[in-house]
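Working notes for the structure below.
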């Protein structure tokens, strides 16, 4: 095998020289343009953290979607046998093995997801406010005279930076709107299925009626032809007590289901309100991003036109300088000739 140690060392040396040269250039640029910031500044670090948080939340919602929407009686009333706590259902936890959720866990998921979305949106808002403060401070730093003497390259770079950061926050707002839309859709499906479940319970055959048909004794006449007193006369005290107990149990179950549906509708209204706020803010951020992008493009075009004019001016100055130099040389020679001739 060929020994490539010397080649490797030469490549490392060239890379170090290039890195040191780039670092020196970066330092000089920062001194010339104090408004510029390094590529990986705190703004971008925070934006990356927010994006990672939103991605974890999206993956979490996808991983528990099947269990969240399975609102059968067995899954709603039974707990998982593996002892997994609800706190382990947060984004980033191992939830791929979860197949069933209780109603309480679904409610906690709704609450935690809404809180995470709200907190993430507030963090994005703080990024937008920080960028607005930076732009305002930069404009205030430029006085009336400085506005005419400022460096067009610095202005171009600052406009590009503003457009870039606005695009970053627009991207984060878009991701937040999509995730909140996912959660809103899941809650809508849950409410719809819960209502359908309640309707099916109303049409279910009462347990007491089934037991009475299978038990010996007098047969109950049709309900339309039977009054309350006649029904009480046909039933034994034990049957009346069982009927009252069943009615009470059904009433409690219906009341509990009604309260649950009301709670789901309230949670759905809250996530819908948050979704509307995020969408409206996304529309505003889109308009701002388009405006900043147009300003950056306009500034870049002006800088390019200015550079072209400077280049043409230098060419004209070069031609004029050559003409003056030739004229002075010829005039000097003529003066020397006249002096010699005289």
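The values are calculated or read from the model by the stated rules, or taken from the named source; none is laboratory data. Computed from a predicted model, the values in this text were never measured in an experiment. In this analysis, Cβ positions are derived from the backbone assuming ideal geometry, glycine residues included, and neighbour counts consider all displayed protein chains.
Some notes on this structure:
- A search for C-beta distances below 8 Å between a residue of region 50-71 that is touching a residue at least 60 places away in the same chain (Cβ under 8 Å) and at negative phi and any residue that is buried (at least 19 other Cβ atoms within 10 Å of the Cβ) and in a loop (DSSP other than H, G, I, E, B), counting only pairs 6+ apart in sequence or on different chains, returns 53/91; 57/91; 68/101.
- Close pairs from region 284-298: first farther than 23 Å from residue 177 by Cβ, partner assigned to a helix (DSSP H, G or I), Cβ under 8 Å, at least 6 apart: 295/159; 295/162; 295/163; 296/156; 296/159; 296/160; 296/162; 296/163
So that you can scan it fast, the table gives a plain yes or no per residue for (1) within 29 Å of residue 103 (Cα to Cα); (2) touching a strand residue (DSSP E or B) at 6+ places or on another chain (Cβ under 9 Å); (3) at pLDDT 85 or above; (4) assigned to a helix (DSSP H, G or I):
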| site | (1), (2), (3), (4) |
| --- | --- |
| 130 | no, no, yes, yes |
| 160 | no, no, no, yes |
| 170 | no, no, yes, yes |
| 190 | yes, no, yes, yes |
| 200 | yes, no, no, yes |
| 209 | no, no, no, yes |
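- Residue within region 81-101 that is on the phi > 0 side of the Ramachandran plot, modelled with pLDDT under 90 and surrounded by fewer than 11 Cβ atoms within 10 Å (Cβ to Cβ) present: yes
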